[in-house]
Amino acid sequence: MSDPNADKMPRYLRTSEAARFLSLSGRTLEKHRTYGTGPEYHKIGGRVVYSVADLTAWAKLGKKKSTSDPGAGTVLPAKRHAPIPYAGKERR
């Protein structure tokens, strides 16, 4: 007998599965995680998992209708961005 709540349960994907879901490489998703520019994730034990809802929400930030459309948000590239000031100084 199938579970009637199965479609309501959150689905979690490992990094490689999440990367395929987003059409990215696993390494790119790891970089996004390192720089804080990617989708939210969960640590369960030593494993990183992503909920499908979080992946979809993150991908929707980059939704545009044209090249001139500012859209609702921006998906930043997987790279280091400007340092955040710390105690009035930049971190080294």
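The values are calculated or read from the model by the stated rules, or taken from the named source; none is laboratory data. It should be emphasised that the depicted structure is a prediction, and the values quoted were computed from it without experimental measurement. No Cβ is skipped: glycine too gets one built from the backbone with ideal geometry, and neighbour counts run over all protein chains shown. Note: accessible area is taken over every heavy atom of the protein model, side chains too, but ligands, DNA and RNA are not part of it. Shrake-Rupley method; radii C 1.70, N 1.55, O 1.52, S 1.80 Å.
A few comments on the model shown:
- For Ser23, solvent-accessible area (1.4 Å; no DNA, RNA or ligand), Å²: 100 Å²
- Two-site FRET efficiency, Lys79 against Met9, from Cβ-Cβ distance with R₀ of 41 Å, rounded to 0.05: 0.75
- Modelled FRET efficiency - R0 35 Å, Ser68 with Ile44, Cβ distances, 0.05 increments: 0.25
- Above-threshold pairs, the threshold being 26 Å between Cα atoms, out of Lys31/Lys63; Lys8/Lys31; Lys8/Lys79: Lys8/Lys31; Lys8/Lys79
- Note that the stretch 9-83 presents 71 Å² accessible area per residue, ligands and nucleic acids not counted, probe 1.4 Å.
- Accessible area of Lys60 in the full protein assembly, 1.4 Å probe (Å², nearest 10): 130 Å²
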